[in-house]
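What follows is one structure encoded as structure tokens, with my remarks underneath.
Since every read-out is calculated from the coordinates, none of them should be taken as a lab result. None of the values given here were measured: they were computed from a predicted structure. Positions of Cβ are generated from backbone atoms using ideal geometry, with glycine treated the same way; all protein chains shown enter the neighbour counts.
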Amino acid sequence: MQSTKLIARLACALTIALLVPVAQAQQRPSYGQAINLETAKKIAAGAAAEAKKNNWNVAIAIVDNHGMLIYYEMMDDTQTGGATASLEKARTAALYRRPSKEFEDGVSAGRVALLGLPGVTPIEGGLPIYAGGKIIGAIGLSGGTAPQDAQAAKAGIDALSK
């Protein structure tokens with residue numbers, strides 16, 4: 001009798017422990033209409049302008065809301081690895097509806113299980129692109145430091161409002 005009550009209490013506590021993180025999880029915006037080429041080019045131009053202003057050689061990838069490449073450019077003398085890294089940062093932001101830096105921060109905090117998620121590149125520089133409160137795509141940059149990549153990516157997104 002005692003062991004039955006103990007098992008029931010443990011099961012209840014385990015259920016509550018498993019549900020609390022779900023209840024606390026941040027609700028992510030819905031996916032919207034996919035970004036079009038014209039909008040992608042405008043964002044890339046804003047990011048490229050920021051990179052040029054700061055003498056950063058970067059690769060810029062814009063993906064739609066499902067991570068498919070829409071637009072890509074690579075500045076002269078950008079490190080070769082930036083080509084793939086920019087695309088993977090953008091895909092991370094689109095597929096998981098959050099900045100790639102959130103994964104970097106999680107791994108830095110010791111949550112190495114994040115490295116097991118498919119398609120995650122846990123390096124700053126990938127940002128979701130929103131329109132009407134919905135995700136329409138994402139941008140990823142690589143070639144500078146991670147904070148530089150993020151700064152240029154944000155400048156690209158900010159170019160939409162100009």
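For Lys52, list the lysines whose Cα falls under 21 Å from its own Cα; do not include residues on the same chain fewer than 8 positions away. By straight Cα distance, Lys52 reaches Lys41, Lys42, Lys89, Lys154, Lys162.
Counted by neighbouring Cβ atoms within 10 Å, the residues Val112, Val63, Val107, Val120 run from fewest to most as Val112, Val107, Val120, Val63. Cross-link reach is defined here as a Cα-Cα straight distance under 14 Å, omitting same-chain residues fewer than 8 places apart; for Lys134 the aspartates and glutamates meeting it are Asp64. Neighbour counting of Cβ atoms within 10 Å sorts the residues Thr92, Thr145, fewest neighbours leading, into Thr145, Thr92. The ranking of Asp64, Asp77, Asp158 from fewest to most other beta carbons within 10 Å of each one's beta carbon is Asp77, Asp158, Asp64.
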